[in-house]
Amino acid sequence: MTVNELLAPRLAARSARWNRRAPAAAAVLVDLALAVLVTLAAGFGRARLPVFVDVGDVPELVAMAGAPIVVGWVAIIALHGGYAPHLLGAGTQEYKVIVRASLVTAGAIGVVSFLGKVPLSRGFFFLLLLFGVPSLLLGRYLLRRAIHALRRRGHLTHRVVVAGSAGQVDEVADVLRREPWLGFRVVGALLPAGESGTGTPGGIPVLGSTARTAAVAAEVACDIVLFAGGAVTSAQQMRRTAWDLDDTDVQIMLVPSLTEVATDRVRVRPAAGLHLMELEGPRAHRASRVSKRAFDIVGAGLCLVLASPLLLVTALAIRRHDGGPVIFRQRRVGRGGELFDCLKFRSMVIDADAPTGERTPRNMHGEEHVLFKDATDPRVTPPGRVIRRFSIDETPQFLNVLRGEMSLVGPRPPLPGEVERYTDDVRTRLAVRPGMTGLWQVSGRSDLSWEDSVRLDLYYVDNWSLVQDLAILWRTASAVVRARGAY
């Protein structure tokens, strides 16, 4: 055995520890830097803003309390688990922890000021919270984007061995391969007794049986063993495997037979040593509640008012180009299969509805696609190409939202001909109002395959929440600015 072979496991273990700790260390540095800047900004604002009077000894008090506030703020975030590796980079829990820890920090500052009789300025306290919480949330968001970008480039990744039946291994590997920002790189599979072969049907190399989990983990220098369905036959076997891996840095993860389910729909209920997983039913009915409708009305109304100058300029440009109609109406299928006229700024020639001959609907990857959208469609006019690039052509749909035919967020409204090709599963998309934007639009827009767009729309229908709607709208703004996947 060569020196490199002897050192490989040790180097891999060191790399794994770095990959786990680097995001947490970066989060600490980001939070510290932002807490310092926010504290200084709040002190400067209290001393210089004209809305505040009688500065007095505020600068001295801020200088005295600044360091304890910064250190205490970061410490409270840490006590709330804000730097736990599993929390960073995915999900909304990270942001919830930041908000909760910041509120606790505010309470602690108030209690200490009262009990210690520290005359801390209320204006400084107000500015500290006003600037602090959004700044920390923005910092975590930007850090998450940086981590995802690094993982897509092959950095900060984890070597993963998936244990389970061949079918389960392939299903898990497909999900991890589809989401490279998670940083999980599957290096092989472990099959249970009774299954053998050199590879799974999906092409994952088989490294051995689940009975040799610890030995295989050491041989391939993986840092995560992920147990999927069929990996073990009893709780005792799982416990023995955990014992075997106890003296290593290898993490153990379990994948229940649940996919495309939001974490807040799953609750773990302990019972006599068992961990029962309670699954909340699909949330399609929640997406039709009064709260979502009120959110749509307020949001669409504000957007129409703010975008009115842009709407006027766009309408004039379309009319001036060829003298044709400004608004294009197209029959679409809404909630429950009801038909409505979807409004858009006309981006094509006047006779664009004429039959397209033998042209086959394909997306940019050459796949057959129910959604007909061609990146080189000759029917698109020069002003139409601009407004489609930045999705300005869809702004009249705010009127559809106000009329109750659409929502701000939801599956895209399909054509009647598309619905005729739907399978029973895909027809579930019609359980909610179609949206101006949705999960698949912000995940790639026209660049996604038909299967991925359906998968994301069905995920939205089953896992709707108002927080998710806000996140999608935020991501939509980013996707539109960058004009990613739009044509």
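The values are calculated or read from the model by the stated rules, or taken from the named source; none is laboratory data. Just so it is clear, the model here is predicted, and its values are computed rather than measured. So basically every Cβ, Gly included, is an ideal-geometry build from the backbone, and we count neighbours across all protein chains shown.
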Self-check item: Unique match (being farther than 13 Å from residue 335 by Cβ, touching a Leu at 6+ places or on another chain (Cβ under 9 Å) and β-branched (Val, Ile, Thr)) among 437, 381
Solution: 437
Quiz item: What pairs come up if the first residue lies in the stretch 464-476 and is β-branched (Val, Ile, Thr), the second is at pLDDT 80 or above and buried (at least 17 other Cβ atoms within 10 Å of the Cβ), and their beta carbons are under 6 Å apart, counting only those six or more places apart or on different chains?
Solution: 472/409; 476/437
Exercise. Output yes when any residue across the stretch 13-22 is modelled with pLDDT under 75, among the basic types (Lys, Arg), touching a strand residue (DSSP E or B) at 6+ places or on another chain (Cβ under 9 Å) and in a helix (DSSP H, G or I), and no when none is.
Key: yes
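I'm trying to understand the selection: among the residues of the stretch 65-110, which are among the polar types (S, T, N, Q) and part of a loop (DSSP other than H, G, I, E, B)? Don't jump to the end; show me each part of the working.
Step one: of the stretch 65-110, the residues among the polar types (S, T, N, Q) are 92-93, 102, 105.
92, the sole residue that qualifies.
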Quiz item: Tell me, which residue of the stretch 130-149 that is buried (at least 17 other Cβ atoms within 10 Å of the Cβ) and not small (Gly, Ala, Ser) is nearest to residue 74 (Cα to Cα)?
Solution: 136
Quiz item: residue 451 versus (1) at pLDDT 85 or above; (2) more than 27 Å from residue 290 (Cβ to Cβ); (3) under 24 Å from the mean Cα position of the chain (by Cα): which is the lone unmet condition?
Solution: (1)
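If a residue must be among the basic types (Lys, Arg), touching a Pro at 6+ places or on another chain (Cβ under 9 Å) and in a strand (DSSP E or B), how many such residues does the stretch 309-335 contain?
2
So if I check each of 55, 74, which one is modelled with pLDDT under 70 and touching a helix residue (DSSP H, G or I) at 6+ places or on another chain (Cβ under 8 Å)?
Residue meeting the stated conditions: 55.
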Exercise. Can you confirm whether the stretch 435-445 contains a residue that is in contact (Cβ under 8 Å) with a residue 60 or more places away in the chain, touching a Lys or Arg at 6+ places or on another chain (Cβ under 8 Å) and assigned by TED's automatic domain parsing to the domain that holds residue 335?
Key: no
Exercise. Answer with yes or no whether residue 170 is surrounded by 15 or more Cβ atoms within 10 Å (Cβ to Cβ) and acidic (Asp, Glu).
Key: yes
Practice problem: Tell me, please, whether a residue that is outside any strand (DSSP E or B) and at pLDDT 80 or above can be found in the stretch 372-381. | Solution: yes
Practice problem: Taking only the stretch 111-168 into account, find how many residues are among the hydroxyl-bearing types (Ser, Thr, Tyr), more than 29 Å from residue 92 (Cβ to Cβ) and either touching a strand residue (DSSP E or B) at 6+ places or on another chain (Cβ under 9 Å) or part of a helix (DSSP H, G or I) (or both). | Solution: 2
Quiz item: Just a yes or no: is a residue in the stretch 226-233 more than 30 Å from residue 428 (Cα to Cα), at pLDDT 85 or above and outside any loop (DSSP other than H, G, I, E, B)?
Solution: yes
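Kindly indicate whether residue 300 is within 19 Å of residue 432 (Cα to Cα), in contact (Cβ under 8 Å) with a residue 24 or more places away in the chain and within 29 Å of the chain's Cα centre (by Cα).
Against the criterion (within 19 Å of residue 432 (Cα to Cα), in contact (Cβ under 8 Å) with a residue 24 or more places away in the chain and within 29 Å of the chain's Cα centre (by Cα)), residue 300 qualifies.
Tell me whether the stretch 355-364 contains one or more residues that are modelled with pLDDT of 85 or more, at negative phi and of a type in the set (Asp, Glu).
Filtering the stretch 355-364 down to residues modelled with pLDDT of 85 or more leaves none.
There is no residue in the stretch 355-364 that is modelled with pLDDT of 85 or more, at negative phi and of a type in the set (Asp, Glu).
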Quiz item: For the stretch 94-120, what are the residues that are surrounded by fewer than 16 Cβ atoms within 10 Å (Cβ to Cβ) and closer than 18 Å to residue 143 by Cα?
Solution: 96, 99
